[in-house]
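The structure appears below as structure tokens.
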Amino acid sequence: MIKSERRVPFLRWASSLMLMLAIIADTVSGQDLKTKNVILITTDGLRWQEVFTGAEEALINKEHGGVTDVQNIKSKFWKETPEERRAALLPFFWTKIAKEGQLYGNLPAGSSSQITNTMKFSYPGYNEILTGFADPRIDSNAKKPNENFTVLEWLHRQPEFNGKVAAFSGWDVIPYIINRERCGFPVMGGWERVPEENPSSQQQILNELIEDTIHRPNAAELNDTFIFQAAREHLKRHQPRVLFVSFLETDHWGHAGRYDHLLESAHVVDDYVRRLWELVQSLDQYRDKTTIILTTDHGRGSGLENWKHHGAKYEGAEDMWMAFLGPDTPPLGERTKCDRVTQSQVAATLAALLGKDYCAAVPNAGKPVADALPKKP
């Protein structure tokens, strides 16, 4: 679905009451957690098919995938087996996360990871990820400030996380989903300067690059490379305990029908995740005390045409994936024949990894993904 530009601000009294209840939630009992920081990363609209089986040969052509240099893409990403293809596309996922963390969403292997909202597009998906529940009132990508409080804001309003939360996204609707005017922490969304009152020399250069770059291919979506650099510099400078980073190009190139660019964008995001992981392992505050959660806001259709699309009418766009890597997540690798997990569980899992019981404050939120947490004694 095309991401809308409409602006219709609104707030609700009920959400304020929910937040007050949220702040008094107890910590998760009976667990000695090593995780002190969480980085939540999304790559918009990346299908589970590419994550678990790699490049799809039927789309590596001009007719169905818009591929202009077939030989180049095949040399990079086409291999004989799904295992080889997915490792070529997402090497960090399959050499690190699949060995030391957990991956959900390979449907043929008996691992289902799904959204619970019926819309199958971005605003409802990000709301579900960040609040823990689907909201049927959210039925467009319009720029409406979210009435619902996100887990990010819930954590930020607790003393130990105050001033230690930040969010960076290439999409200019994310500040509305997080409700930047209300939330109280730095939020960057789309083609705008980094959220920094006194930018460092590196941040100032980044601001100039953002301002000087022609807003293509989509004026609502900042290039992933700028978001990565902005988030990384904020992490180094301010060391937040909770960081949300949202990449967009995998979705854009899907809509554009450019399978070659989609594959290349996914490959680059995988490397951004690697670089963020290596950065946190180099810093005392983060080393062996940080969990990364990776997921997407929705799936897509399948076949020679519907791989480009998502939305309520596209079968399969409810299927997505998620991954966890950190000191408290048992190294179960690629999950098979396991219980279904849902997008609505991400928020409570994030909070639980920090020792917080989000569901006690927000009872309609999905429960934490149990296997991603240490076993209770």
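The values are calculated or read from the model by the stated rules, or taken from the named source; none is laboratory data. Remember, predicted model here, so these are calculated numbers, not experimental data. FYI the Cβ positions are ideal-geometry reconstructions off the backbone, even for glycines, and counts take in every protein chain you see. In case anyone asks, the SASA skips ligands and DNA or RNA and just uses the protein heavy atoms, side chains included. Shrake-Rupley method; radii C 1.70, N 1.55, O 1.52, S 1.80 Å.
Using a simple spin-label model with pseudo-atoms 7 Å out from Cα toward Cβ, residue 214 and residue 99 lie 4.4 nm apart. The range 48-83 and the range 135-171 have their alpha-carbon centroids 36 Å apart.
Rolling a 1.4 Å probe over the protein heavy atoms of the range 165-302, with every protein chain left in place, gives an accessible area that is 46 percent carbon and sulfur. Taking a straight line from the alpha carbon of residue 62, these lysines sit under 21 Å away, with near neighbours fewer than eight places off in the same chain left out: 74, 76, 79, 308. Loop-only check: which trypsin sites (Lys or Arg not before Pro) in the range 333-377 are DSSP coil with at most 16 other Cβ within 10 angstrom? Listed in order of number, the matching sites are 337, 340, 375.
Working note: 222 nm ellipticity from helices only, DSSP H runs with n ≥ 4, each -39,500 (n - 2.57), summed and divided by the residues of the chain, gives -10000 deg cm²/dmol to the nearest 500. Computed with a 1.4 Å probe over protein heavy atoms only, the accessible surface of the range 259-317 comes to 36 Å² per residue. Taking all protein chains into account, the per residue accessible area for the range 85-138 stands at 28 Å² (1.4 Å probe). Ranked by the mean number of other Cβ atoms within 10 Å of their residues, highest first, the peptides 145-153, 61-69 fall in the order 145-153, 61-69.
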